[in-house]
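The values are calculated or read from the model by the stated rules, or taken from the named source; none is laboratory data. These numbers were taken from a predicted model, which means no experiment stands behind them. Cβ placement follows ideal geometry from the backbone for every residue including glycine, while neighbour counts extend to all protein chains displayed.
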Amino acid sequence: MSNLKKAMKYASEHLACGSSCQLAAHKEAKRPSAYRFTRLEKVTKEDFYPVAKLDPKRTFKSRPEECHAWALSLFDTRLNAEKKLKSILAIAPNFPARFICRVSVTKNDGVVSNPNGSGHYRIHEYADSDIHSTASAVQALP
């Protein structure tokens with residue numbers, strides 16, 4: 001059974017990426033908790049825009065890279081999110097995120113990639129997903 005029976009958020013952008021998106025290879029989200037960077041202590045909907053939607057607009061080296069930019073980056077643990085954010089800030093001190101929040105992610109929110117070695121994974125959201133409304137436990141970096 002396909003995991004893409006629901007409409008995708010940013011569907012036209014995914015289609016423009018063609019077969020390089022390979023969303024059917026992703027799995028339904030089943031992680032009760034995930035972690036994401038935020039700009040401020042008060043989480044906004046804009047904290048949950050994919051990087052491809054943000055200004056300044058980015059350029060992409062490949063179609064798969066562009067497709068991934070329409071997903072949200074998440075981490076499997078708070079510690080993994082904290083390590084990554086610290087490493088980004090070490091080389092890009094103007095990076096806008098300074099906080100980490102916990103969100104709930106269910107199979108109704110979208111399809112996810114497998115976490116990499118540092119716990120990072122992507123979720124391509126379904127059109128009716130509202131992950132940002134589940135944000136809690138927003139904490140600044142220690």
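Output the residue which, of all residues in the stretch 61-104 that are of a type in the set (Val, Ile, Thr) and out of contact with any His (no Cβ under 8 Å at 6 or more places or on another chain), is farthest from His124 (Cα to Cα).
By that ranking, first place goes to Ile91.
Looking only at the stretch 125-139, filter to residues that are in contact with a Lys or Arg (Cβ under 6 Å, 6 or more places away or on another chain) and outside any loop (DSSP other than H, G, I, E, B); which one of those is modelled with the lowest pLDDT?
Filtering the stretch 125-139 for residues that are in contact with a Lys or Arg (Cβ under 6 Å, 6 or more places away or on another chain) and outside any loop (DSSP other than H, G, I, E, B), the one modelled with the lowest pLDDT comes out as Ala137.
Which strands (runs of 3 or more DSSP E) does the stretch 1-114 wholly contain that include 1 or more residues that are touching a Gly at 6+ places or on another chain (Cβ under 8 Å) and buried (at least 20 other Cβ atoms within 10 Å of the Cβ)?
72-75
The rows are residues; the columns are (1) more than 16 Å from Tyr10 (Cα to Cα); (2) within 15 Å of the chain's Cα centre (by Cα).
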| site | (1), (2) |
| --- | --- |
| Tyr49 | no, yes |
| Ala69 | no, yes |
| Pro93 | yes, no |
| Pro96 | yes, no |
| Ile100 | yes, yes |
| Val112 | no, yes |
| Ser118 | yes, yes |
| Asp128 | no, no |
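Residues to consider are Arg39, Arg63, Arg122; find the one that is modelled with pLDDT under 90, among the basic types (Lys, Arg) and touching a helix residue (DSSP H, G or I) at 6+ places or on another chain (Cβ under 7 Å).
So the residue among Arg39, Arg63, Arg122 that is modelled with pLDDT under 90, among the basic types (Lys, Arg) and touching a helix residue (DSSP H, G or I) at 6+ places or on another chain (Cβ under 7 Å) is Arg63.
Just need a number here: residues in the stretch 42-60 that are within 18 Å of Arg122 (Cβ to Cβ) and modelled with pLDDT under 90.
3
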